Structure formats: structure tokens, C-alpha cells
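Asks: Questions regarding the structure given below will be posed in turn.
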Amino acid sequence: MSNFIVDKSGIKRYLVSVKINGSEYTRVVKANTLLVNFLREDLDLIGTKKGCELGDCGCCTVMLDGKPVNSCLVLAVDVDGREVTTIEGIANGEELDIVQEKFIEHAAYQCGYCTSGMIISSRALLNENPSPTEHEVREAIAGNLCRCTGYVNIVEAVLAAAEAEKK
Amino acid sequence: MYLPDFEYYAPESIAETCQLLSQFGPRAKVIAGGSDIIVKMKKEVLAPEVLVSIKNLAELKKIEYVPGKGVVVGARVTHNDLYKSKLLAEKYASVSNAAGQMADNQVRNIGTLGGNISNAVPSADLPPIFIALNATVKLEGVNGERTMPLEDLFTGPGKTVLAQDEIITEVVIPDQKMTGSNYIKFGLRKSGALAVVGVAVAVEVENNVIKDARVALGAVAATPVRAKKTEEFLKGKTVTDELLAEAGVIASGECKPISDIRASAEYRTDLVRVFTKRALRKAIDEGHV
Ligand SMILES: Cc1cc2nc3c(=O)[nH]c(=O)nc-3n(C[C@H](O)[C@H](O)[C@H](O)COP(=O)(O)OP(=O)(O)OC[C@H]3O[C@@H](n4cnc5c(N)ncnc54)[C@H](O)[C@@H]3O)c2cc1C
């Protein structure tokens, strides 16, 4: 059963402990708090973007226990005890992840709004499948909509990252 | 977008889940992955006062073969769990392939089999192939459990026989005589699109003769439906291209699609004709694919 407290106005608030980008966070949230809002508003992790908020666009993609999900469809209370990786957790300190580097090299973004989600989906793909085909890359980012550049440079960047990582 | 207030429970057992659902009655809803219900709450189609999360019911997360029973799939199994299951790839790749064509990777990591079924949308991708494979569904409630053919669960768009205190716990694909099965989905895009038409078939073929056939259609009636005339027509016949083409024509006469934003009724009817033919051919030639 979830732990909760009842505030002065009678509203229940639930205890959530979640490991985000390697650090443990414990917070008290209302049941209706969505993971994307929890990250952005309670934890200031604003690298995760909000687009359609209906699970279509993929801007809010984060890894939940290593798997990409739309954080706009997930309740913060439901991630109690689990592990989340956001775009802020992809680089190793000052050192960019190879996927981020290749996105820069290949000019794989323009306005940047879809980029956090794109990189999360791409990183998750390479973690599971280090040598993806072009088709597999396209499948992996099919739930991340880019309205600026199209996908050619993005796909090239992910394939280049896979190549570089093999070395 | 923010959700309205609701109370939240995450029970540790099926019994406790059913107890809560019974206690709160129609004010409560189950939440599994949330990919349907959260969207409905955001669109203000639903406003449950209580959400009962089944995230702690670990027993609903299995895909396993039980000798004498069949392949047992728990309600909390996600689309990607189905898609990536080794057991299904071996026995019924038609099921994993159907799951792999759903939504997109992120939603496949969230959405569950139980949610896809309970939601009872006519275009849902998973019911047709499970129905073609003669799957049963198990419901558990405060007064015990019951099992029924999956096709009997649905009573209309968004409607099932589930009682307020009941949840779906598992779906079972029984051991088969069927030698092949296949699901073809037609969506308006390759990814992230709901089915305009979905056709699932299963066939038992011996020496090029069809001994048994099951055809289940999605998105062309108020519920997923069997094309029983088509099935009867196929039984005992020798496989030829003409036979399969004729089966397609019969199946297209058995559906009652509507026209909506995605396609006209006429177009859907014709798609049923073509996909029935193609799905039969695949299942006959390639087995469970
Ligand atoms: C972007 C996007 C794309 C999609 N694409 C597809 C697609 O291609 N094909 C497709 O078929 N669907 C698609 N869907 C719909 C959805 O993802 C699926 O129907 C999914 O299977 C729902 O499962 P869930 O666990 O998320 O359900 P939830 O939202 O948690 O629940 C859905 C409903 O079922 C009830 N419920 C859930 N589990 C149980 C249970 N075990 N027992 C009783 N009741 C239960 C809930 O109370 C609720 O009413 C898409 C959704 C989105 C957002």
C-alpha cells in the first residue's frame, strides 16, 4: 500500500521515492501529478519537454527502468521505487554522450524541442541493440516527432553513434 | 495538461484490488499502463474519483507455457513484452508481430494486454489475433473467478461483461491444432496509427486441405467479430488462390463497418476482402507468422 499524508484541506499526498539519473529523490505528490510535471515542476528537470501531452509526439520521453516511455502518460505515484533517466542524466558530467555528440556533428536538430526525447529513444535503442539497421533506428524513433529537419540527419547521427561506440 | 484530483490505491493482491473496486463502485477505475485512461482523463471523457493501480500485482506480468493449458499471458504484460517474448516468437509469432505493429516504442512499453482488451475499442489490435487462436480470458472478482472465450467478453464499443469489481487477470492461448495464424493491420501510417481494419486468421491445413479455420475482424463492427460464414466456407476445401479470393469476398460481406474520419465503410469492406485473402495465404504458407 502506498504511504500518504492528508493535508489540511483533506487532500491525500503520497510518498514517492524514485532514483533519477542516479540520485535518490523522495517527495510527496498528489495522486494526479504526472511524471512529466513531477520532473519539470518539482525537480526542475526541465530538459524533458511537453508537446502534445497525449502520448503522440514523444517530446516527454524518459527511460523508466531503462525503457523509453512517454512521461505525460505516467503517474508520478506509479514510479515509486523505480528508476528514471532523463536527458539530464545522459551526459557524463561535462562529457557528452556519443549520441549527443553525433547529433551535433550531423546537425540532427534545428529548434531542439524534440531533441531530448529523440536522444533518450536513441540511447535506449543502442543500449539494447548496439548495431541497429536504419530500419531499426527509424522504428525506435517512430514515436518522436520532429517538425523541423525531418529525420535524415537524426537517423545518420544515431547510426554514426552506433559505429563510434563499437570502436 | 493536468489531471483532476482523484484518490489512489496500489493494492498488493488481486483480492484486495477487487475489494477496493467493489467498495468504491462506479466511482473507481483500474489503471494499468494508463495509455488509454490518462488520455481520456485529460480529454475530460472520464473523471474517476478513485484510481486503483494494479502495478503491484506481479503475478499478472508473466508469459509462460503451462502444459495441458497453453500459453498463459498475464494482463499486465506490455505490448513490447509480447513483441519481444521468446516463447511467443517460437509458438505464435503472429501474436508478437501484432503487438510489434502497435502504437510506437514508448507506448508499447506502457500499454498492457489487459488494458487493450478492457478498453474494448473496436479497432484494438490485440483481440483479433487472440480470438483467432481461440483464446480465453480469466476475470477475477470478489465472488471468485470465471473464464470465457475472449470473443464473449465484448458487448459493444467500450463495453464488456466485466462487472465493477472484476479485473482481467490472464489470457490463455490453448494448445492448437491450427498450423498457422496471421494478423494484418492497416493503419494510415506505419507507426502510431490505430487500425482502419485488422484481420486475424488461424488455419489448420493438412495435405493442402483446410481442416479448420478461424477469422476475426477488428475495426469493422461494434466489437471484434468472427467471420463465421467464411470459416465454414473454408472447411474441407483444397487451397487454391481462387478459394482464398472467394473467402475474402465472403468475409467482406460479413462485416458492418462505419465511415469515420479514417476511412469510409466501403473502403473498409474492401480492405477486409483483400486482407482476409492475404492473411490466409500467409498462415497457410508460413505457419504462425
Ligand atoms: C499514442 C498512442 C498510440 C496508440 N496506438 C495503439 C495501437 O496502435 N493499437 C491499439 O490497439 N491501441 C493503441 N493505443 C491504445 C492503448 O495504448 C492500448 O489500448 C493499451 O493496450 C492500453 O493499455 P493500458 O495498460 O495503457 O490501459 P489503461 O489506460 O491503464 O486502461 C485502459 C482501460 O482498461 C481498464 N483496465 C486496464 N487493465 C485492466 C484489467 N487488468 N482488468 C480490468 N480493467 C482493466 C482501465 O480501467 C481502463 O478503463 C494507443 C495509445 C496511444 C496513447
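The values are calculated or read from the model by the stated rules, or taken from the named source; none is laboratory data. What you see is a predicted model; the values in this text were computed from it and never measured. Cβ placement follows ideal geometry from the backbone for every residue including glycine, while neighbour counts extend to all protein chains displayed. What goes into the accessible areas is simple: the full protein's heavy atoms, side chains included, and nothing from ligands, DNA or RNA. Shrake-Rupley method; radii C 1.70, N 1.55, O 1.52, S 1.80 Å.
Asks: Give a residue-ordered list of calculated ³J(HN,Hα) values for segment A:13-27 (Karplus: 6.51 cos²θ - 1.76 cosθ + 1.60, θ = phi - 60°; whole Hz; x for Gly, Pro).
Replies: Values per residue, Gly and Pro as x: 10, 10, 7, 10, 10, 9, 8, 10, 6, x, 10, 7, 10, 10, 9 Hz.
Asks: Can I ask one more? Based on alpha-carbon centroids, what's the gap between segment B:13-42 and segment A:86-159 in Å, whole number please?
Replies: When both Cα centres are located, 36 Å separates them.
Asks: Per residue, how large is the accessible surface of segment A:4-87? Use a 1.4 angstrom probe and give square angstrom.
Replies: Per residue, segment A:4-87 has an accessible area of 40 Å².
Asks: Between rounded, prolate and oblate, where does segment B:194-289 land on the alpha carbon gyration tensor, with a ≥ b ≥ c its root eigenvalues, rounded for a/c under 1.5, else prolate if a/b exceeds b/c?
Replies: prolate
Asks: Note down the net charge around B:Ile63, summing +1 for each Lys or Arg and -1 for each Asp or Glu among other residues with Cβ under 14 Å from its Cβ.
Replies: Its environment carries a net charge of +2.
Asks: Suppose we keep just the alpha-carbon trace of the protein assembly as shown; what are its Rg and Dmax in angstrom?
Replies: So, for the protein assembly as shown, Rg and Dmax equal 22.9, 75 Å respectively.
Asks: Something else about it: Give the B-A buried accessible area in Å², both sides summed, 1.4 Å probe, nearest 100.
Replies: When B and A are taken together, about 2800 Å² of accessible area is lost.
Asks: Provide the per-residue ³J(HN,Hα) series for segment B:94-109, in order, calculated from phi with Karplus coefficients 6.51, -1.76, 1.60 and θ = phi - 60°, each as a whole number of Hz, with x at glycine and proline positions.
Replies: Taking θ as phi minus 60°, the curve returns 4, 6, 5, 5, 4, 5, x, 8, 7, 6, 9, 4, 4, 6, 5, 7 Hz for segment B:94-109.
Asks: Still on this structure: Can you tally the net charge around B:Ala263? Count Lys and Arg as +1, Asp and Glu as -1, for every other residue whose Cβ sits under 15 Å from the Cβ of B:Ala263.
Replies: Overall, the nearby charge balance is +3.
Asks: Once you order the gyration tensor axes a ≥ b ≥ c over the Cα atoms, which shape class does chain B get: rounded for a/c under 1.5, otherwise prolate or oblate by comparing a/b with b/c?
Replies: Prolate.
Asks: Counting only DSSP beta bridges with both residues in segment A:4-87, tell me the antiparallel percent, nearest 5.
Replies: Once the DSSP bridges in segment A:4-87 are tallied, antiparallel ones form about 90 percent.
Asks: Another question, if that's okay. Peptide A:75-81: average number of partner chain Cβ atoms within 10 Å per residue?
Replies: Partner Cβ neighbours, averaged per residue: 5.
Asks: Hand me the trypsin sites (Lys or Arg not before Pro) from segment B:133-215 located in a DSSP loop with no more than 15 other Cβ atoms within 10 Å, in residue order please.
Replies: Listed in order of number, the matching sites are B:Lys177, B:Arg189, B:Lys190.
Asks: Could you report chain B's accessible area per residue, 1.4 Å probe, as an integer in Å²?
Replies: Ligands and nucleic acids excluded, the figure is 41 Å² per residue.
Asks: Could you tell me whether segment A:84-167 comes out rounded, prolate or oblate from its Cα gyration tensor? Rule is a ≥ b ≥ c as square roots of the eigenvalues, rounded for a/c under 1.5, then prolate if a/b exceeds b/c, otherwise oblate.
Replies: Judged from the Cα gyration tensor, segment A:84-167 comes out rounded (a/c under 1.5).
Asks: Work out from phi, with θ = phi - 60° and the Karplus expression 6.51 cos²θ - 1.76 cosθ + 1.60, the ³J(HN,Hα) of each residue of segment B:186-202, listed in order in whole Hz, and give x for Gly and Pro.
Replies: Residue by residue, segment B:186-202 yields 10, x, 7, 10, 6, 9, x, 10, 6, 5, 7, 8, x, 10, 10, 9, 9 Hz.
Asks: Averaging sequence separations of C-alpha pairs under 8 Å and six or more residues apart, then dividing by the length of segment A:4-87, give the relative contact order as a whole percent.
Replies: 33 percent
Asks: Here's another thing I want to ask about it. On a 0 to 90 degree scale, rounded to 10, what angle separates helix B:14-24 from the longest Cα axis of chain B?
Replies: Its long axis makes an angle of about 70 degrees.
Asks: A follow-up question, please. Tally up the carbon and sulfur contribution to the accessible surface of the protein assembly as shown as a whole percent, 1.4 Å probe, everything protein left in place.
Replies: 50 percent
Asks: Rank B:Gly33, B:Asn207, B:Leu243 by how far each Cα sits towards the positive end of the charge dipole of chain B (+1 on Lys, Arg Cβ; -1 on Asp, Glu Cβ) and give me just the farthest.
Replies: Value computed over the given set: B:Leu243.
Asks: May I have the convex hull volume per residue, in Å³, for the Cα set of segment A:4-87?
Replies: Dividing the Cα hull volume of segment A:4-87 by its residues yields 86 Å³.
Asks: Can I ask one more? List the trypsin sites (Lys or Arg not before Pro) within segment B:9-116 that DSSP assigns to loop and that have no more than 16 neighbouring Cβ atoms inside 10 Å.
Replies: Sparse-neighbourhood loop trypsin sites (Lys or Arg not before Pro): B:Lys43, B:Lys62, B:Lys69.
Asks: Name the long-range amide H neighbours of B:Ala193: under 5 Å, sequence gap of 5 or more, or other chain; modelled H, no Pro or chain starts.
Replies: B:Ala103
Asks: Given contacts defined as C-alpha pairs under 8 Å and at least six residues apart, what's the relative contact order of segment B:180-286, whole-number percent?
Replies: Relative contact order for segment B:180-286 comes out at 30 percent.
Asks: Give the long-range amide H neighbours of B:Lys211: residues separated by 5 or more places, or on another chain, with amide H under 5 Å away, using H modelled in the peptide plane at 1.01 Å from N.
Replies: Sorted by chain and number, the residues that satisfy this are B:Glu204, B:Val205, B:Glu206, B:Gly236.
Asks: Determine, for chain A, the count of lysine pairs separated by eight or more sequence positions (or lying on different chains) whose alpha-carbon distance falls under 23 Å.
Replies: 15
Asks: Over 29 Å between C-alpha atoms is what I'm after, so list which of B:Lys42/B:Lys282; B:Lys86/B:Lys177; B:Lys29/B:Lys190 land there.
Replies: Result: B:Lys42/B:Lys282; B:Lys29/B:Lys190 exceed 29 Å.
Asks: Next question. What whole-number distance in Å separates the alpha-carbon centres of segment B:131-195 and segment B:52-77?
Replies: 14 Å
Asks: Can you give me the long-range amide H partners of B:Thr160? Hydrogens built in the peptide plane at 1.01 Å from N, cutoff under 5 Å, separation of 5 or more residues or another chain.
Replies: Residues meeting the criterion, in which the H sits 1.01 Å from N, are B:Thr155.
Asks: Using a loss threshold of 30 Å², tell me which positions in segment A:14-40 are less accessible in the complex than in their chain alone. Probe radius 1.4 Å, ligands and nucleic acids ignored.
Replies: The answer is A:Tyr14, A:Ala31, A:Asn32, A:Leu34.
Asks: Next up: Do any GluC sites (Glu not before Pro) in segment B:11-112 lie in a loop, going by DSSP, with at most 14 other beta-carbon atoms within 10 Å of their beta carbon, and if so which?
Replies: B:Glu12, B:Glu44, B:Glu49
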